[in-house]
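The values are calculated or read from the model by the stated rules, or taken from the named source; none is laboratory data. These numbers were taken from a predicted model, which means no experiment stands behind them. When we count neighbours, we look across all protein chains shown, and the Cβ atoms used for this are built from the backbone with ideal geometry, even at glycine. To get the accessible areas, we keep the full protein, side chains included, count just its heavy atoms, and leave off ligands, DNA and RNA. Shrake-Rupley method; radii C 1.70, N 1.55, O 1.52, S 1.80 Å.
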Amino acid sequence: MLSVEALTCSFGGVMAVSRVSFSVQRGELFGLIGPNGAGKTTLFNLITGLSAPTAGRLRYQGRDITGLRPHRIAGLGIARTFQNVRLFGELSALQNVMIARHVRTTSGLVGGVIGLPSARAEERETRRRALALLELVGLADRPDERARNFAYGDQRRLEIARALALEPELLLLDEPAAGMNSGEKRSLGGLIRGIRTRLGLTILLIEHHVPLVMDLCDRIAVLNFGELIALGAPANVQRDAAVIEAYLGDEV
Ligand SMILES: Nc1ncnc2c1ncn2[C@@H]1O[C@H](COP(=O)(O)OP(=O)(O)OP(=O)(O)O)[C@@H](O)[C@H]1O
Ligand SMILES: [Mg+2]
């Protein structure tokens, strides 16, 4: 599904990502962990085209996507959520999801605004699908509530619905459990698992909450100072001496 090949990104003197290589199989739930500043978000920014790599290549479904613009990459089926929630706070939950879906409809925003009949039918379909996504993430009871009025954990769920509205095949989640209490984290774990099985997605998950990552992921990559220091099944990563030293020390 995704192949990361000697990917490198430096900001001035800082090697945010340094010669990182791994590949993600279709249908896999792949975890990405590491200390603060390890380069995890930068890696997501590279995959989604928000940052350009200094060196290395990215292949998605066999196609070279290195350096493509973000909207092209989204159009190819890669969607993400952000570490710092990015929603339209003044718009309703439903509107936030519907706007994202316009990328996938033919008449787009303009057709909708000028009220073409085809656009109206499409709008109804967009609305129906957006409601289904709110249902999937557990927010169907408040479609008309402004995004900014939702609790933090619910805003994160809303962001997931918005990313899913792009109908991705590859979904990148940047710390979706941040700011959630332990009950919310457990239920988020169930949601992520459900998305993978029900929608058949491939998922890359950045998450600091180690028990959640260990429980959910098929394989885990560990970054430290921009470098890949371990990659494998959760049980093996958890036992890796370099990982324990760099990251898991307190957790073991
Ligand atoms: N746009 C930028 N300009 C300059 N330096 C940057 C930029 N983005 C990231 N960095 C630096 O790159 C390094 C990796 O940052 P990144 O945000 O990818 O880490 P992270 O693993 O996501 O950390 P966290 O767990 O805190 O979210 C850090 O040293 C950071 O300061
Ligand atoms: Mg980050």
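Selection over segment 197-209 of residues that are in a helix (DSSP H, G or I) and touching a helix residue (DSSP H, G or I) at 6+ places or on another chain (Cβ under 9 Å) gives a count of 2. Of all positions in segment 180-192, none carries a residue that is among the β-branched types (Val, Ile, Thr), over 21 Å from GLY39 (Cβ atoms) and either open to solvent by 40 Å² or more (accessible area, probe 1.4 Å) or not assigned by TED's automatic domain parsing to the domain that holds GLY39 (or both).
Of everything in segment 198-218 that is away from ligand 2 (no atom under 16 Å from the Cβ) and over 16 Å from the mean Cα position of the chain (by Cα), the residue that is most open to solvent (accessible area, probe 1.4 Å) is ARG198. Specify which of the listed residues (ALA177, ALA221, ALA165) is closer than 19 Å to ARG86 by Cα and within 16 Å of ligand 2 (Cβ to nearest atom). Just a single option satisfies the conditions, and that option is ALA177. Within segment 75-100, the set of residues being open to solvent by 20 Å² or more (accessible area, probe 1.4 Å), of a type outside the set (Phe, Trp, Tyr) and within 17 Å of the chain's Cα centre (by Cα) comprises GLY75, LEU76, ARG80, GLN83, ASN84, VAL85, ARG86, LEU87. Looking only at segment 163-179, residues that are among the acidic types (Asp, Glu) and open to solvent by less than 10 Å² (accessible area, probe 1.4 Å) come to 1 in all.
Screening the candidates LEU2, LEU50, LEU32 for the property of being crowded, with 21+ Cβ neighbours inside 10 Å and within 14 Å of ligand 2 (Cβ to nearest atom) yields one hit, LEU32.
Across segment 115-137, the number of residues qualifying as open to solvent by less than 50 Å² (accessible area, probe 1.4 Å) and closer than 30 Å to GLY189 by Cβ comes to 6. Taking segment 28-106 as the region of interest, the strands (runs of 3 or more DSSP E) fully inside it that hold 1 or more residues being within 22 Å of GLY226 (Cα to Cα), more than 16 Å from ligand 1 (Cβ to nearest atom) and touching a residue at least 24 places away in the same chain (Cβ under 8 Å) are 29-33, 55-60. Among all positions in segment 219-228, there is no residue which is assigned to a helix (DSSP H, G or I) and acidic (Asp, Glu).
Among the conditions (1) loosely packed, with under 15 Cβ neighbours inside 10 Å; (2) over 20 Å from PRO176 (Cα atoms), ARG142 misses just one, which is (1).
Residues that are surrounded by fewer than 22 Cβ atoms within 10 Å (Cβ to Cβ) and touching a strand residue (DSSP E or B) at 6+ places or on another chain (Cβ under 6 Å) within segment 234-252 comprise PRO234, ASP240, ALA242, ALA246, listed in sequence order. Taking the listed residues ARG196, ARG156, ARG186, the one that is within 27 Å of TYR247 (Cβ to Cβ) and free of Cβ contacts under 8 Å to residues at least 40 places away in the same chain is ARG186, with no other qualifying. Within the bounds of segment 180-196, is there any residue that is in contact with a strand residue (DSSP E or B) (Cβ under 6 Å, 6 or more places away or on another chain), modelled with pLDDT under 95 and part of a helix (DSSP H, G or I)? Yes: one or more hits. Residues of segment 15-27 that are in a strand (DSSP E or B) and touching a residue at least 60 places away in the same chain (Cβ under 8 Å): MET15, ALA16, VAL17, SER18, ARG19, VAL20, SER21, PHE22, VAL24.
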